[in-house]
Amino acid sequence: MKYSLITNLGIITSGAILFTIVSAFSQPPQGKPWPVPDNYKNMKNPVASNPESIAEGKTLYGTHCKSCHGAKGLGDGTKAATLKTEPGDFSKADFQGQTDGALFYKTSEGRDDMPNFKKKIPDAEERWSIVNYLRTLKK
C-alpha cells in the first residue's frame, strides 16, 4: 500500500510538472500592455515620410536600435538574448497598426530594457524620422 501511494504521488507530481512545462512553451508570450497617453496616440508625425527622412531614421536606428531589435526589426539583435523583456517584431501587423504618435511616445519615453531616447536623441524630428523608418519594416 505504501509503495503504491508513493508511486501514484510521483506519477501525479511528474504529470503536473510536465503539464506546466508544456503549457508554458505552447502559449505565445504575453507582453505587458504599454499604455500610451491619448495626446500621443492622436499626435500626427510632423516629419514627412520621404527618402531623406527614412534614410536619416535608418541611420539613427542602426546606431541606437539595431543591437536589440535587429537589422530588420525582428527582435533578433545581438543584445536581444540578454534582455529581460522581448524586443518585439516591428514587421508584425499589431506593431505596424499603432499610430505614429504611439511609436514616437514609446521611442521617446522607453520602459524596462528600452531606454529613454529623449536624452540620447534630443532632436524630436530625428525621433520622428525613426518612426518613418520603422514603417518600412513591415512584411
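Since every read-out is calculated from the coordinates, none of them should be taken as a lab result. This structure is a prediction, so every number in the text was calculated from the model and none was measured. In this analysis, Cβ positions are derived from the backbone assuming ideal geometry, glycine residues included, and neighbour counts consider all displayed protein chains.
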Residue-ordered couplings for region 57-65, obtained by feeding phi - 60° into the Karplus form 6.51 cos²θ - 1.76 cosθ + 1.60 and rounding to whole Hz (Gly and Pro as x), are x, 5, 4, 5, 4, x, 7, 10, 10
On the formula 1/(1 + (r/R0)^6), with r taken between the Cβ atoms of residue 71 and residue 50 and R0 of 25 Å, the FRET efficiency rounded to 0.05 is 0.70
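Viscosity 0.692 mPa s, temperature 37 °C: what is the translational diffusion coefficient of region 33-137 from Stokes-Einstein with a Kirkwood Rh over Cα pairs, rounded to a whole number of µm²/s? If you can, show how the numbers build up before the last one.
Values: Rh = 13.7 Å.
For the chosen part, D equals 240 µm²/s.
Quote the relative contact order of region 33-137 in percent (integer), defining contacts as alpha-carbon pairs under 8 Å separated by 6+ residues.
Working: 128 pairs, mean separation 38.7, N = 105.
Relative CO of region 33-137 lands at 37 percent.
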Can you work out ³J(HN,Hα) from phi for every residue in region 49-55, in order, using Karplus 6.51 cos²θ - 1.76 cosθ + 1.60 and θ = phi - 60°, giving whole Hz and x for Gly and Pro? 7, 10, x, 5, 5, 5, 4
Loop trypsin sites (Lys or Arg not before Pro), region 32-81 (other Cβ atoms within 10 Å of the site Cβ: 13 or fewer; DSSP): 44, 79
